[in-house]
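Below: one structure, written as structure tokens.
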Amino acid sequence: MAQKDAEQHKSSEVPPDGGWGFMVVLGAAIINMVNQALFSVFGLIFGETLKDMAGGHATGITLVMAVSVCVTNFSGLLVGPMMKRGISVRTITILGVLSVGLGMILSSFASTIWHIVISYGFFTGLGLGLVASSTFLAISEFFTQRKSTAVGLSMAGTSTGQMIMPIFVGLLLKNYQFHGTTLILGCISCTGMVGAFLFKPMFCCAKANDPHEVEQGKYDLNSNANVNKPDIKKLDNNTSESESLLSGQVRAIVVAESDPKTKTPFIIVSKESMLQKRTSCLRKVVTTWDLHLLKDFRFVHMSLGLGLGYVSSISFSTFLPMFLQDEVKFDMWQTTTCMTALSAADIAGRMTTSEIFRKLKLGNRSQFMIGAILLAISRSLLVSLTSYNMMLVLSVVVGYIRSITVINQNLVISEYIPKHELPSAVGLNMLVKGFFVMSVGEPLGMLKDAFDYDTCIHLLDVILICVVISWTTEIVLYKKCLKKRKENNVITTTPAA
């Protein structure tokens with residue numbers, strides 16, 4: 001009977017792959033537009049203020065940015081344990097949005113660099129990390145076959161914000177200076193809660209076999225927990241109290257009535273069962289963050305490749321405007337035109353590429369590798385052909401192709417990892433990306449000082465090619481091992497003649 005109930009419960013949580021899921025996508029897009037897009041205008045908002053606070057030096061900018069990137073990527077580790085404790089994705093998203101808004105509002109009162117380190121670096125960084133993980137997990141709850149398309153549409157909100165924010169922030173700085181600008185942006189960030197309120201739990205909109213079960217409110221809409229799940233297990237009718245306590249069960253429980261009037265139950269638990277449930281602190285840490293995933297070579301290999309791809313992408317975005325102005329000698333109008341064309345193509349790519357690859361029936365990892373190869377080629381052409389018309393055309397090509405690698409950052413992980421371990425896996429992947437950002441950023445800066453921007457961009461393209469080669473080698477070897485294992489199983493199961 002219990003097994004039958006479990007099967008019915010499982011079948012009632014089949015993701016709708018659409019329906020209300022598109023409202024969740026809309027909510028994620030709104031959140032990304034007013035929160036994630038802030039990262040792209042950090043220099044425009046804080047650049048001059050931090051220089052003035054540091055006496056004309058750029059140390060304040062690098063310090064705040066380093067703290068923000070570190071906290072953003074490390075905060076992904078919090079999502080898994082929070083969800084295991086019954087905190088819903090919607091609640092985590094609201095906390096993230098409020099943290100981003102609080103950080104920006106506190107920054108408006110800043111008078112020293114350390115104020116901004118705490119307000120923007122910690123609070124805003126923490127919020128951006130929580131939002132990045134929770135929006136992806138919310139979409140994953142509603143989509144299976146069309147997950148790539150849904151993620152692409154939600155991330156188009158980030159690109160839209162990146163196009164609008166520079167102009168909007170420029171107008172705010174002109175009229176309200178730094179303090180007024182950060183205060184207004186903090187209030188705007190809080191409007192992301194509107195999008196978070198659209199994150200209804202998946203089981204409200206699932207293709208349920210028993211609609212009556214959902215309609216009766218069996219689940220708490222504000223948590224991941226089943227409110228009807230019994231807290232006390234009663235003994236089998238054929239098993240006595242003494243037999244159960246002496247039988248060595250993992251948890252032998254007796255429910256009795258201490259007062260016939262109040263009928264207050266008490267629980268008797270065997271001493272052996274209590275000893276068996278004690279676990280070491282290290283074991284709790286491993287269980288809480290699913291650190292056993294680090295024993296999976298394929299997961300670690302994927303995370304390392306995605307981390308290198310992430311560093312390659314954000315480093316290129318940092319180098320490109322400086323390359324256009326310092327080496328190609330474009331004026332501000334030509335530079336902004338190329339950057340706008342790249343962002344517009346990126347939006348178009350996030351809205352269309354996933355559906356194209358879905359029609360071709362290619363997996364997310366295959367999509368990432370194809371995108372990485374095409375991106376490396378197009379970026380190398382972009383820094384080699386420096387006429388304005390060619391740069392404009394190639395900016396569109398690079399922006400469109402870049403969307404393929406951006407969309408599939410988390411999808412590569414979700415394609416391989418089971419659903420119940422996905423929050424922790426996404427957090428560990430963010431941790432790897434944060435580690436690479438901190439460790440690779442300084443050497444790239446030194447390389448730029450020693451050579452030039454186009455050399456650095458070519459090196460970033462080489463990194464992408466190395467990731468593709470490494471992943472291809474792993475896939476080939478893995479398939480060979482599977483084939484050999486199947487052949488050995490056939491030989492061992494074949495009866496002797």
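Return the pairs, sorted by first residue and then second, in which the second residue is modelled with pLDDT under 80 and charged (D, E, K, R), the first residue lies in region 436-455 and is part of a helix (DSSP H, G or I) and buried (at least 17 other Cβ atoms within 10 Å of the Cβ), the beta carbons are less than 9 Å apart, and the residues are 6+ apart or on different chains.
Filtered contacts from region 436-455: no entries.
What pairs come up if the first residue lies in region 476-490 and is closer than 20 Å to H301 by Cβ, the second is open to solvent by 100 Å² or more (accessible area, probe 1.4 Å) and at pLDDT 90 or above, and their beta carbons are under 6 Å apart, counting only those six or more places apart or on different chains?
Close Cβ pairs satisfying both conditions: none exist.
Listed here are the residues, each with its yes/no results for (1) under 19 Å from G27 (Cα atoms); (2) under 23 Å from the mean Cα position of the chain (by Cα); (3) open to solvent by 40 Å² or more (accessible area, probe 1.4 Å).
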| position | (1), (2), (3) |
| --- | --- |
| L137 | yes, yes, no |
| F143 | yes, yes, no |
| R146 | yes, yes, yes |
| Q177 | no, no, yes |
| G180 | no, no, no |
| L183 | no, no, yes |
| I188 | yes, yes, yes |
| M193 | yes, yes, yes |
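Among the residues of region 1-48 satisfying the criterion of being modelled with pLDDT under 90 and of a type in the set (V, I, T), which is nearest to G186 (Cα to Cα)?
V41
For region 66-80, name all the residues that are more than 15 Å from the chain's Cα centre (by Cα) and surrounded by fewer than 21 Cβ atoms within 10 Å (Cβ to Cβ). Don't jump to the end; show me each part of the working.
Initial filter on region 66-80 (more than 15 Å from the chain's Cα centre (by Cα)): 66-68.
A66, V67 - these are the residues of region 66-80 that are more than 15 Å from the chain's Cα centre (by Cα) and surrounded by fewer than 21 Cβ atoms within 10 Å (Cβ to Cβ).
Quick check on my filter: what residues within region 414-439 are over 17 Å from T72 (Cα atoms) and more than 12 Å from the chain's Cα centre (by Cα)?
Correct list: E415, Y416, I417, P418, K419, H420, E421.
Would you check which residues across region 102-129 are part of a helix (DSSP H, G or I), among the hydrophobic types (A, V, I, L, M, F, W, C), touching a helix residue (DSSP H, G or I) at 6+ places or on another chain (Cβ under 8 Å) and open to solvent by 10 Å² or more (accessible area, probe 1.4 Å) and list them?
L102, I105, L106, I113, V117, I118, F122, F123, L126, listed by residue number.
Against the definition (at pLDDT below 90 and more than 25 Å from the chain's Cα centre (by Cα)), how does K51 come out, yes or no?
On the way: at pLDDT below 90: yes; more than 25 Å from the chain's Cα centre (by Cα): yes.
In short, yes.
The values are calculated or read from the model by the stated rules, or taken from the named source; none is laboratory data. Since the model is a prediction, treat every value here as computed from it, not as a measurement. Cβ: placed from backbone, ideal geometry, glycine included. Neighbour counts: every protein chain shown. For accessibility, only protein heavy atoms count, side chains too; no ligands or nucleic acids. Shrake-Rupley method; radii C 1.70, N 1.55, O 1.52, S 1.80 Å.
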